[in-house]
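Read the structure below first, then the notes.
Nothing in this text is a laboratory measurement; each read-out follows from the coordinates by a stated rule. Just so it is clear, the structure is predicted and the values come from calculations on it, not from any experiment.
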Amino acid sequence: MNRVKLLFFATLRDRAGTRSIELDIPPDLTVRGLKDRLSVDYPNLKESMSSVLTTINREYAFDDAVIPQDAELAMFPPVSGG
């Protein structure tokens, strides 16, 4: 198993009810797979998972990215400026 730390920001933090969690995930799990798992484990996050921005070790990552060993991930709601 691969142990990762996941940080939630802004409204995602409120919906998850925590700032961060540590998870054991399979070694070949993708960001998409993690989002699917979070949708089940944290039903309040399900609606947000289709539009969140995700980073792996402080670099933006796409849904097909495989999560490396001992990674730190962060999830942010989409932002708009004006």
TODO: Would you mind estimating how fast the chain diffuses translationally, via Stokes-Einstein at 20 °C and 1.002 mPa s with the Kirkwood radius over Cα pairs, in µm²/s?
DONE: 170
Open item on the list: From the helices alone, meaning DSSP H stretches of at least four residues, give me the mean residue ellipticity at 222 nm for the chain, per-run term -39500 (n - 2.57), in deg cm²/dmol to the nearest 500.
Closed with: -5500 deg cm²/dmol
Task: the chain: relative contact order as a whole-number percent, Cα under 8 Å and 6+ apart - done: 40
